[in-house]
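**Student:** This is the structure I have questions about; it appears just below.
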Amino acid sequence: MTAPFDPAAVIAEFIDAVAPYNPQPDAPPVALLGVRTALGDETFAMSDHVIRAMCRALASYRDPEDRGECVGCGGRHLDENLHCMDCGRLHGILGQVIADHARRVAASGDGNAPSGPA
Ligand SMILES: [Zn+2]
């Protein structure tokens, strides 16, 4: 991506990237997309091919921040340690170990970790 970040340039770059593969380059656009930014207004003619390419891009998109869904609250904001920023639950192996330990401590009723295999 080029800097400074220009949303209209991103749209133009996407259209240019998929244009060579348009099986019907002379087909009329199916939509006009207006983009208003601090840099000004731009309008893009969106072909059926571009829209379909956007659909495929969306279907294969995976956000780099996507670490799954919290089993506790269903939130989508797990940090790099798989710690839910919404409800505080820990996930992954460490989260499972801590949750199991907390359950054993609660079951023992005395606040001390029970002895025996994990
Ligand atoms: Zn959560």
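The values are calculated or read from the model by the stated rules, or taken from the named source; none is laboratory data. Computed from a predicted model, the values in this text were never measured in an experiment. All Cβ positions, glycine included, derive from the backbone under ideal geometry; neighbour counts span all protein chains shown. These area figures cover heavy atoms from the full protein model, side chains too; ligands, DNA and RNA do not enter into them. Shrake-Rupley method; radii C 1.70, N 1.55, O 1.52, S 1.80 Å.
**Student:** Please give the peptides 45-51, 30-36, 65-71 ranked by average Cβ packing (other Cβ atoms within 10 Å per residue), highest first, as a rough proxy for protection. Don't skip to the end; give the middle numbers.
**Tutor:** Values: 45-51: 16.9, 30-36: 12.1, 65-71: 13.7.
The packing order, highest mean first, is 45-51, 65-71, 30-36.
**Student:** Continuing with this model, one more query. If you plug each phi of region 11-19 into the Karplus form 6.51 cos²θ - 1.76 cosθ + 1.60 with θ = phi - 60°, what whole-Hz ³J(HN,Hα) values come out, in order, with x for Gly and Pro?
**Tutor:** Working through the residues one at a time gives 4, 4, 5, 5, 4, 5, 5, 9, 4 Hz.
**Student:** Does the chain come out rounded, prolate or oblate by the C-alpha gyration tensor, with a ≥ b ≥ c the root eigenvalues, rounded set by a/c under 1.5 and, if not, prolate when a/b is larger than b/c and oblate if not?
**Tutor:** prolate
**Student:** Moving to a separate point now. Let me check something: with ligands and nucleic acids excluded, how do Tyr21, Tyr61 order by accessible area (1.4 Å probe), largest to smallest?
**Tutor:** Tyr21, Tyr61
**Student:** Rounded, prolate or oblate: which fits region 1-53, taking a ≥ b ≥ c as square roots of the Cα gyration tensor eigenvalues, rounded meaning a/c under 1.5, else prolate when a/b beats b/c?
**Tutor:** Oblate is the answer for region 1-53, as a/c is 1.5 or above yet b/c matches or exceeds a/b.
**Student:** Just the number, please: carbon plus sulfur as a percent of the accessible area of region 23-114, 1.4 Å probe, no ligands or DNA/RNA counted.
**Tutor:** Ligands and nucleic acids excluded, carbon and sulfur reach 56 percent.
**Student:** Applying the Karplus parametrisation 6.51 cos²θ - 1.76 cosθ + 1.60 with θ = phi - 60° to the phi angles of region 52-62, what ³J(HN,Hα) value in whole Hz is obtained for each residue in order, glycine and proline being reported as x?
**Tutor:** 5, 5, 5, 4, 5, 4, 5, 5, 9, 6, 9
**Student:** Over region 7-60, average the accessible area per residue using a 1.4 Å probe and give it in Å², no decimals. If you can, show how the numbers build up before the last one.
**Tutor:** Working: 3900 Å² over 54 residues.
Accessible surface, normalised per residue, equals 72 Å².
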